[in-house]
Amino acid sequence: MPSIRERLAQDVAALRQALDLQQDEARSEVQTLLQTVLLVNRAYLLAHPERLLTEQEHSQYQTSLQRRLQGEPLAYILSEREFFGLNFKVTPATLIPRPDTELLVELALSRISSAGTRVLDLGTGSGAIALAIAHSRPDAKVTAVDASEAALSVAQENAGCLEISNVRFALSNWFAALAGLHFDLIVSNPPYIAANDRHLAQGDLRFEPVGALASGTDGLDDIRLIISEAGAHLVAGGWLMVEHGYDQSERVQTLLRSAGFENVRSDNDLAGIARVTGGQLLGKT
Ligand code: GLN
């Protein structure tokens, strides 16, 4: 059986070639796969490069590696992804939480001032946004909805594992099942990629639920719907914040202003790209 050192040397190169990854990325992914099979941390891998894999470990490792070489996202192979310092179960029924989306959580948290603030997360997927907010603010009352029953059950499982009890979940296509309910803050990372965007056929996106990624010819179908219906579910002074594509901030700002939102502004993600746009509904008609 091969050693840790041998596997690393061969498989980092194989992964780079198969998926066009950077050296560091490929190395980190092989290390993660080895750690998962050997049940050790990264320091152990570095300290024991001569350690041989047992036959069983090797076959388990090969199964994961082959899946990754076929392009399957690492998060789906491991069934987990870290987001906002918390560990989330993810399945192919849910979008994989992105580091960029932590911006939406931070902005949402900055708008929660008092205890009992009612927060709604539309299209919660794995529950990442709703649970990150609820974990940071146990005094907030968070509602999380998704149109996918499979996604919702992953989100509920995550709430259980993370022992977060201030989120309630509901099956709802955007606001459809929320008639008569009002919130202080509505957040969403909806699908926002144009249906014919070539990125949908690349990388991790090929394996993610297309319903969580693509939204009409300009990518804005769901954002338009959310903005037009949010007013009926916000209290006066309430905020709506949505994540969107790299070139959509101006169009989202226009949509918000046309729907009567004020204090409209966009904030940049880690790459310096306007990624979250929000506004406040002051007077209600
Ligand atoms: N930011 C993701 C991507 O482009 C898309 C997420 C989404 O559509 N909400 O990979």
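Considering Ala214, Ala159, the condition of being within 16 Å of the ligand (Cβ to nearest atom), open to solvent by less than 40 Å² (accessible area, probe 1.4 Å) and modelled with pLDDT of 95 or more is satisfied by Ala214 alone.
The rows are residues; the columns are (1) of a type in the set (Gly, Ala, Ser); (2) within 21 Å of Arg224 (Cβ to Cβ); (3) surrounded by 14 or more Cβ atoms within 10 Å (Cβ to Cβ).
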| site | (1), (2), (3) |
| --- | --- |
| Val167 | no, no, yes |
| Ala177 | yes, yes, no |
| Gly180 | yes, no, no |
| Leu185 | no, yes, yes |
| Ser188 | yes, yes, yes |
| Pro191 | no, yes, yes |
| Ala194 | yes, yes, yes |
| Arg198 | no, no, no |
| Gln202 | no, no, no |
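Please go through region 185-220 and give me each residue that is β-branched (Val, Ile, Thr) and under 12 Å from Leu120 (Cα atoms), ordered by number.
Ile186, Val187
In region 233-250, the residues that are touching a residue at least 40 places away in the same chain (Cβ under 8 Å) reach residues that are open to solvent by 40 Å² or more (accessible area, probe 1.4 Å) and hydrophobic (A, V, I, L, M, F, W, C) with C-beta atoms within less than 7 angstrom, at least six apart or across chains, in these pairs: His233/Leu181; Ala236/Leu282; Gly237/Leu282. Scanning region 260-278 turns up no residue that is farther than 19 Å from Leu104 by Cβ, in contact (Cβ under 8 Å) with a residue 12 or more places away in the chain and in a helix (DSSP H, G or I).
Results for (1) surrounded by 16 or more Cβ atoms within 10 Å (Cβ to Cβ); (2) acidic (Asp, Glu); (3) part of a strand (DSSP E or B); (4) at pLDDT below 95, shown as yes or no for each residue.
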position	(1), (2), (3), (4)
Leu33	yes, no, no, no
Ala43	no, no, no, no
Arg67	no, no, no, no
Ala93	yes, no, no, no
Glu102	yes, yes, no, no
Leu107	yes, no, no, no
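All conditions but one from (1) open to solvent by 40 Å² or more (accessible area, probe 1.4 Å); (2) within 11 Å of Arg168 (Cα to Cα) apply to Val142; the one that does not is (1).
Filter region 193-211 down to residues that are outside any loop (DSSP other than H, G, I, E, B) and touching a residue at least 40 places away in the same chain (Cβ under 8 Å) and give me whichever is nearest to the ligand (Cβ to nearest atom). It would help to see each step written out before you state the result.
Going through region 193-211, the residues outside any loop (DSSP other than H, G, I, E, B) turn out to be 193, 198-201, 203-207, 210-211.
From the residues that got through so far, the ones that are touching a residue at least 40 places away in the same chain (Cβ under 8 Å) too are 193, 203-204, 206-207, 211.
Values: Ile193: 5, Gly203: 8, Asp204: 7, Arg206: 11, Phe207: 12, Gly211: 10 Å.
Per the stated criteria, the residue is Ile193.
Condition (residue is at pLDDT 95 or above and open to solvent by less than 10 Å² (accessible area, probe 1.4 Å)) applied to region 250-260: is it met by at least one residue? Yes, some residue in region 250-260 is at pLDDT 95 or above and open to solvent by less than 10 Å² (accessible area, probe 1.4 Å). Applying the set (1) in a helix (DSSP H, G or I); (2) within 15 Å of the ligand (Cβ to nearest atom); (3) not aliphatic (A, V, I, L, M) to Pro190 leaves exactly one unmet item: (1). Contact annotation: no residue pair with Cβ atoms under 9 Å, 6 or more positions apart or on different chains, pairs a residue in region 160-184 that is closer than 15 Å to Asp121 by Cβ with a partner that is open to solvent by less than 30 Å² (accessible area, probe 1.4 Å) and at pLDDT below 95.
The values are calculated or read from the model by the stated rules, or taken from the named source; none is laboratory data. Predicted, not measured: the structure shown is a model, and the values here were computed from it. Every residue, glycine as well, gets a Cβ built from its backbone with ideal geometry; the counts of neighbours run over all protein chains shown. Ligands, DNA and RNA are stripped out before the accessible areas are found, and what is left, the full protein with its side chains, is counted by its heavy atoms. Shrake-Rupley method; radii C 1.70, N 1.55, O 1.52, S 1.80 Å.
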